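Chemist: Take this structure first; my questions come after.
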Amino acid sequence: MNITFLGTGCMQPTTKRNHSAILFSHKGENLLFDCGEGTQRQFRFAGLKPAKVTRIFITHWHGDHCFGLPGMLSAMKADGFDGVLEIYGPKGSKTYVKHMLKGLAYRSFINYKVTEVSNGKIVDAQDYVIEAHPLKHSVSCVGYSFIEKDKLRIDVKKAAKLELSGPVLGELQKGKNVIFNDKKIMFKDVTYAVKGKKISYIADTVKCPGASRLAKDCDLLICEGTHCDDIKERKYMHLTVREACEIATKGNAKKLIVTHISGRYKDSKDVLKEAKKYFKKVAIAEDFMVVEA
Ligand SMILES: [Zn+2]
Ligand SMILES: [Zn+2]
């Protein structure tokens, strides 16, 4: 799994940070989380192809998370995307997408399907699921978890003892019992389970039960942390860097990447310094940062 941060800023873009967009690339699938203005251009800078995107997950319909959608859909069309793009978002998403695209003279978009999501499993693919959980923001907002399914691995010593070889190993690894040399081999006897990874994205929110569920036992938590504690007055429904760290700690997350950074912080080092006070394995997201997970 490669995670490419394409936009790590918040409401106002800066010369260093574009609006929110994060791409999860996993075995030929490209899952785009949020699509802020200029996301298609960020793809070009990153050497990525818009037409390779297979699903788009919008957290909420504030401009800094979705203004890039029409551009992305037309870029995908120009690049020859010929499937049906799955778009997911909170309640109201069908209307928002329809109105967004209706406001343009350009009408030749790719085929797409919008699914409104609120809570629980929303995608069940071959080797992963996506869960949505509600967040608490000034408009309907959801966060997402990518959860890899547990995998079976062959216990080489046990397999060698039974002199197993050839295609039966593949069958056993799929969880099937096989007949080998007239003997029934149970997959449980020669395999062991490897836990799949959980990677979550918490977008604009304040602390809430949904954020805690997303963070729970994460291998990697990507969480907004718009401000540091130099902002005394809480005017916005956003997390601070400290709160992002507290959510990661409480959820027992292994690693944390803080994103959606306010333009007031010119140097990420200051934000990192604050984050390190509260969580050890933390990084501050930068545009075009690529993380292997
Ligand atoms: Zn935002
Ligand atoms: Zn917002």
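Chemist: For Thr191, all conditions in the list (1) farther than 25 Å from Asn18 by Cα; (2) among the hydroxyl-bearing types (Ser, Thr, Tyr); (3) open to solvent by 40 Å² or more (accessible area, probe 1.4 Å) hold save one; what is the number of the exception?
Modeler: With respect to (1) farther than 25 Å from Asn18 by Cα; (2) among the hydroxyl-bearing types (Ser, Thr, Tyr); (3) open to solvent by 40 Å² or more (accessible area, probe 1.4 Å), Thr191 is out only on (3).
Chemist: Of everything in segment 148-162, what is assigned to a loop (DSSP other than H, G, I, E, B), open to solvent by 60 Å² or more (accessible area, probe 1.4 Å) and modelled with pLDDT of 90 or more? Give them in sequence order.
Modeler: Lys149, Asp150
Chemist: Another question, then. Can you tell me which residue is surrounded by the fewest Cβ atoms within 10 Å (Cβ to Cβ) among those in segment 20-42 that are without any contact (Cβ under 8 Å) to a residue 60 or more places away in the chain and part of a loop (DSSP other than H, G, I, E, B)?
Modeler: Gly28
Chemist: May I pose another question? Answer with yes or no whether His60 is in a helix (DSSP H, G or I), open to solvent by less than 10 Å² (accessible area, probe 1.4 Å) and closer than 16 Å to Tyr201 by Cβ.
Modeler: For His60, the condition - in a helix (DSSP H, G or I), open to solvent by less than 10 Å² (accessible area, probe 1.4 Å) and closer than 16 Å to Tyr201 by Cβ - is not met.
Chemist: Quick one: which of Tyr144, Tyr112 is within 16 Å of ligand 1 (Cβ to nearest atom), in a strand (DSSP E or B) and surrounded by 12 or more Cβ atoms within 10 Å (Cβ to Cβ)?
Modeler: The match here is Tyr144.
Chemist: Check off (1) over 14 Å from Phe279 (Cα atoms); (2) more than 16 Å from ligand 1 (Cβ to nearest atom); (3) touching a Leu at 6+ places or on another chain (Cβ under 8 Å); (4) in a loop (DSSP other than H, G, I, E, B) for Ala253 and give me the number that stays unchecked.
Modeler: (1)
Chemist: Considering every residue within segment 163-182, establish whether at least one is touching an Asp or Glu at 6+ places or on another chain (Cβ under 8 Å), open to solvent by less than 50 Å² (accessible area, probe 1.4 Å) and within 23 Å of Gly225 (Cα to Cα).
Modeler: Looking through segment 163-182, none of the residues is touching an Asp or Glu at 6+ places or on another chain (Cβ under 8 Å), open to solvent by less than 50 Å² (accessible area, probe 1.4 Å) and within 23 Å of Gly225 (Cα to Cα).
Chemist: Please pick out the residue among Gly36, Gly63 that is out of contact with any helix residue (DSSP H, G or I) (no Cβ under 9 Å at 6 or more places or on another chain) and either within 12 Å of ligand 1 (Cβ to nearest atom) or β-branched (Val, Ile, Thr) (or both).
Modeler: Gly63
Chemist: Name the single residue, out of those in segment 251-264 being open to solvent by 30 Å² or more (accessible area, probe 1.4 Å) and modelled with pLDDT of 95 or more, that is nearest to Asn18 (Cα to Cα).
Modeler: Lys255
Chemist: Moving to a separate point now. Which residues, taken from segment 84-105, are part of a loop (DSSP other than H, G, I, E, B) and open to solvent by less than 30 Å² (accessible area, probe 1.4 Å)?
Modeler: Pro90, Gly92, listed by residue number.
Chemist: Now for a separate question. In segment 214-234, which residue that is farther than 24 Å from Pro13 by Cβ and in contact (Cβ under 8 Å) with a residue 60 or more places away in the chain is surrounded by the most Cβ atoms within 10 Å (Cβ to Cβ)?
Modeler: Leu214
The values are calculated or read from the model by the stated rules, or taken from the named source; none is laboratory data. From a predicted model like this one, the values you see are computed outputs, not experimental measurements. We place every Cβ from the backbone using ideal geometry, glycine too, and count neighbours over all the protein chains shown. Note: areas computed on protein heavy atoms with side chains; ligands, DNA, RNA excluded. Shrake-Rupley method; radii C 1.70, N 1.55, O 1.52, S 1.80 Å.
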